[in-house]
Every structure is written in C-alpha cells, then in structure tokens.
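So the structure is just underneath, and the comments pick up after that.
The values are calculated or read from the model by the stated rules, or taken from the named source; none is laboratory data. On a predicted model such as this, the values are computed, not experimentally measured, just so you know. We place every Cβ from the backbone using ideal geometry, glycine too, and count neighbours over all the protein chains shown. Please note that ligands, DNA and RNA were not included when accessible areas were found on the heavy atoms of the full protein model with its side chains. Shrake-Rupley method; radii C 1.70, N 1.55, O 1.52, S 1.80 Å.
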Amino acid sequence: MDTRLLVHNCVFTTVAKEKPTLRAKSLLVLICWAGCLLSWSGCQVESSNADQQQATQVSTPLPPEAVPPPEVGATFTDVSDAAGIGFTHSFGDDNFSNLVEAVGGGAAFLDYDQDGWVDLYLVSGKWAEGLSSGERESPQSINRLYRNRQDGTFEDVTLKARVGLEESFSMGVTVGDYDNDGYPDLYVANFGSSVLLHNEGNGTFRDVTSQAGVANSGLCSVAATWLDFDRDGLLDLYVSSYIDFDPDYSLYYAPDGFPGPMAYKGQPDRLYRNLGDSRFEDVSEQVGIAGLEGRGMSVASIDFDDNGYPDLYVTNDATENFLLKNEDGKHFSQIALESGVGYNGMGDSTASMGIDFGDYDQDGKVDLFVSDNSLSSLYKNEGDGLFMDVVVESGIALNSAQYVGWGSFFFDFDNDSDLDILKVNSDLSRLFGQEDQIFENKGEAQFEDISPALGEYFNRTLIGRGAAFADYDNDGDLDVIISNISGPAVLLRNDGGNRANWLQLDLVGTQGNHDGIGAKVQLTVGGKSLTGYRRANTGYLSTSDSRLHFGLGSATTVDKIEIIWPSGDRQTIEAVPANQRITIKEQVG
C-alpha cells in the first residue's frame, strides 16, 4: 500500500470589486441594479474577453492563509488572479438571447499528468451556427487546462495539451479513465456534437470522438457521467441532453428575455456501452431509456439501493426528474415518482439543476440534494427505495428560496466529520448575479446558512453556474472553483479547514475500472460511521477531486476502512493515522 503524507503549503489571495448584495439591499435597489445590469451587460461581456487567448501570468503574490474565528472553523479566500487562473467564460457573442446560452459552463478538477496534484479544466461557449444571434466575439473564448505548479499557482497548458475545442459550444465535463490505462480522460458535452479527449499520458490529449462513436451528434448535450452499468470492468457513458432548440421561435414573456424550457421539446438521453476496444455502442434502446425526453440539466450515478449495480439520477428543467434503477446491468426502470424524487416536496416540477449524493445524517444510506429555482430539495433516504424531501425541516429552504440554485454539492469544508452543502446562485434568464451560499451541517439533520461569516467572496453577486471542489494545494482541506457566465472563474482557497483532522483516499481498481468509480467506502472513527462514494462527477456540469475526502474532527486515528469495490470485492484496512493521503489498490479476491 502506497502511503504519502500531504505537504502543507501556504498559498492564496483576495480580489474583485464588490457589488450590492441581496442581503444588504431592499427590493427597490435590486430592481434598479437589475435594470443597470441589463443595460450594460453586452458591453461588459465584450471587454471581459479581450485577454482570454493569452496565457495567464501570476502577477500578485499569494498571501498567507487567513485565520478564521474558532466558531466558524474555516473561511474562503478568492485567489484566482494570484494563482494564475485567468479564465473568463463566454457564450460566444454579444447578445445574451436564448436558453442554451443560459446553461453556462462547468469545471473539472483532475490530475491529468498523475503527479499527485490536481489540475483544472474550465469550459466555455463559443459562437455557434444556429444558436448565436449577436456579433461574434473576437477573440473567441476557448476551454482551458491549467496545470498545478505545486506551489499554489497554475500554468495555462491549453495549447500544448490540445484541449481548447475552439469550435465547440461547451457546457458540461466529466472525467474518467475509460480505457483503464491509468490516465484520466475527458468527455465534454457540447451543443451539436460532443467530444471525447483521450489522455495520451505525455501531457497531451487526442480527440477520439469519431473512433469511439460518442459524438451524440445533433443534440444539445449538457451533462454526462461515467459509470460501469453492467459491471464488466469498463466505464460506460451516459449523456443527458436538453432541448430541441429552435432559433426562429420567439413567443415569450418580455421580462424573461427569451423563451423558457417549455417552449421547446425535450431531447433524448443516450447510454453508450464501452466495448473495450476504444469503441462504444449506443444501447439506449436495449436498456429502456430511449423514450425518455426530459430536458436534462445534470446527471449523476450511484448505487442508491446497495444492490451492487449503479443507478442514475437526472435533473430536468421544469419537468419530472428521473431516477433510473439499474436492473442487474440489463435494463433501467424510471422509478422517480414512486421513490419520491420526481418532484419536490410540494409536488412541483422545478428548474432542477445541480445534483449530489451524500450521507448527510450518517445513517449509512445515501441521501440526495438538488438545487433549483425554488426551495431546493434535500431528499432523505428512508430505505426500501423511498426518499422524503426534508428541505423545509432541515432549515435550508428558509434561506434557499430567495435564490436560484445552479451548481451544488455536499462537502465537509471544516473537517468536522459531517457533510455541509455549497450552493451557487444567479438569475435564470438574465445576466444578474446572486450571492453563493454554504449551509453548515449542525447535526440533528439541521443546516444553517453561515455564508456571510466565511469571507468577503460570499457578499459578491456573480452569475454562477458550475462548481467543483478539490484539495488543490494538498493541505488537507477542500477548496472550490466556481464558473460564472460571462465572467471570471473564481478559485476559493479554504483557510483553516485543516485545523481539524482529515483523511484522503485515492482508489485504484484492479478487478473493475481503474478509477474505482462506483466504490462505497465506510470509515469507523471515534464512534461514528462515515460513508463516501467514488463518483465520476458532482453538482452541475462539473467534476470534483477524485480523491475521497473525510473530515475526522479531533480523531487522530481511523479505526477501520471498509471498501466495497465495483467488482463486489470487499477490503478492510485498520488503524490508519489521520492527516495523510493514502492510495489503496484493490486486492485480488
């Protein structure tokens, strides 16, 4: 077993002008600001893209970590500029004019060069025929890959790595080693035709979409995820599609800016089975999902009923969400309605965006959080395939309802051993920002919005979409990247989260897929049982750090680690010291 202690680095900074916030201003002031934003948003978009094609340079020093007050545990500092993340998202033209442009872009943390430090990939829209209606921006934004320099800063290696996708209107990104060669590959969901980028293992990627047969041509592909649905040891690919966009349709309520989701027909999702020779086969018809058309926004996979086969959950815009139960790797059944996760607790179909799974109440059963344009939903797993939306009882709804939630995920930001929630917010159809939020898990199934105490960033109003987490500086706490429409990506460094103990697990499968995607891990520590799941992606349009991170609180030793691998094999490790990262390789038998 390869065991390595993490190196603790001092890195990070603060930036950005502050805008008036929803918390501080009256409704009248908000309306005035909304009008102002609408009037100058086109100019703002044009100017923000001027330097996008240039490689970023670190121009300001990284400050020392902030010291959070004891009652908070951790704070977050915007270090985007100082870390060298000079990315600005674009929708390709100067006119924010349709629903596809409103989807935004995602982010992915991945260790593409396998040096033990996670790197960052960010995606952007571009001018696209049949979609863009304004003047083409020049220069055009491209997707960007940033290599971790291991000192708190990043280097733009987009051109060398060949991952810019200059002609693709990109939205979602998922990471998985589909050919089990030890290097993570990228699948980028695009409007029109998606792209599979094979990691060559030498710092470059190769477009293998045509050979693999996963272009998903002619569809508005928003999100995708890797899973081994038939448990043959190879990662398969599920791609979720959005709307059948018609650029000539123009009937809508004027204040909305453009037609909403119900103005368009939904598009079908696709499941591609990995054939093992770098080719995939569309098996959507065989497994029973071909007839599902739900205006998909996000997709995530987990074995929610612990039967050994990964299931799927798909959020849909303004229509019923899908819970696809895997029937022994042969067929999927849509059981969202009877399971209680098709609609929110009020029985409404909302604009459901982000998805994440996690055992927030530590009862050993996986729960589900969905961010949307309403209260959001926190689905507690009651067992026997049933979920209950407890977002009101949990305290989340009280502070969530005034915002529109996009990217969201469970993570233990303060290492106190329970899962908190981050939610990224902004308006549905206008270039109008809202503050992002973190809900701290207070125990007893209760959450509290403590965002104002977590740093100046949470007073800013950016137009957030995708979000992901990772311990990018290898210091033992989880940092965050947030992608904003027509604005800068924001890298938030976690300051102080590592004052409590932690453990990170890097899983390597040998009998199943190399990434261990689908594995379930249970830690016994300090009288508690903590559960983690190895998934391909989290939240909205995005992929987080592949390493499983557990906050341990004051515990200095993990009594036992139990892993159920995708192959069904079980593995146990005992008496593991805290505050380290461990690579665990699946044992034969």
Margin query: Taking a ≥ b ≥ c as the square roots of the Cα gyration tensor eigenvalues, with a/c under 1.5 meaning rounded and otherwise prolate when a/b beats b/c, else oblate, which class fits the range 494-584?
Written below: oblate
Margin query: Among (i) 0.93; (ii) 0.98; (iii) 1.14, only one was calculated for this model; which label is it, if the read-out is Rg/Rh (Cα atoms, Kirkwood Rh)?
Written below: (i)
Notebook entry, point to check: Roughly how many Å is it from the Cα centre of the range 132-146 to that of the range 410-484, as a whole number?
Noted result: 27
Notebook entry, point to check: With respect to the cross-link table entries K365/K520; K330/K365; K442/K520; K160/K585; K325/K365, which display a Cα-Cα separation exceeding 20 Å?
Noted result: K330/K365; K442/K520; K160/K585
Next item on the list: Please pull out the direction-averaged projected area of the range 442-533, using the convex hull of its alpha-carbon atoms, in nm² to one decimal place.
Entry: 8.7
Check: Over what distance in Å are the Cα centres of the range 288-307 and the range 361-381 separated?
Finding: 16
Check: Out of every Cα pair in the range 477-521, what percent are spaced more than 13 Å from each other?
Finding: 70
Check: When only C-alpha pairs under 8 Å and at least 6 residues apart count, what is the relative contact order of the chain, in percent?
Finding: 16
Note to self: I'd like to check one number: the per residue accessible area of the chain, probe 1.4 Å, reported in Å² as a whole number.
What the structure shows: 35
Next item on the list: Just the number, please: carbon plus sulfur as a percent of the accessible area of the chain, 1.4 Å probe, no ligands or DNA/RNA counted.
Entry: 50
Check: At q = 0.13 Å⁻¹, what base-10 log of I(q)/I(0) does the Debye formula yield for the range 132-291 when every alpha carbon is treated as an equal point scatterer in vacuo?
Finding: -0.72
Check: Mind checking the alpha-carbon convex hull of the range 326-372 and giving the volume per residue in Å³?
Finding: 115
Note to self: Give the aspartates and glutamates whose C-alpha is closer than 16 Å to that of K126, dropping any in the same chain fewer than 8 places away, or say none.
What the structure shows: E46, D51, D93, D94, E101, E135, E137, E166, E167
Margin query: Net charge around D348, counting only other residues with Cβ within less than 12 Å of its Cβ (Lys, Arg = +1; Asp, Glu = -1)?
Written below: -3
Notebook entry, point to check: Taking the Cα atoms of the range 76-135, what is the range of coordinates along each of the three principal axes, in descending order and whole Å?
Noted result: 43, 25, 18
Next item on the list: Quick one: which residues, 5 or more positions from L234 or on another chain, have an amide H under 5 Å from its amide H? H modelled 1.01 Å from N in the peptide plane, none for Pro or chain starts.
Entry: none
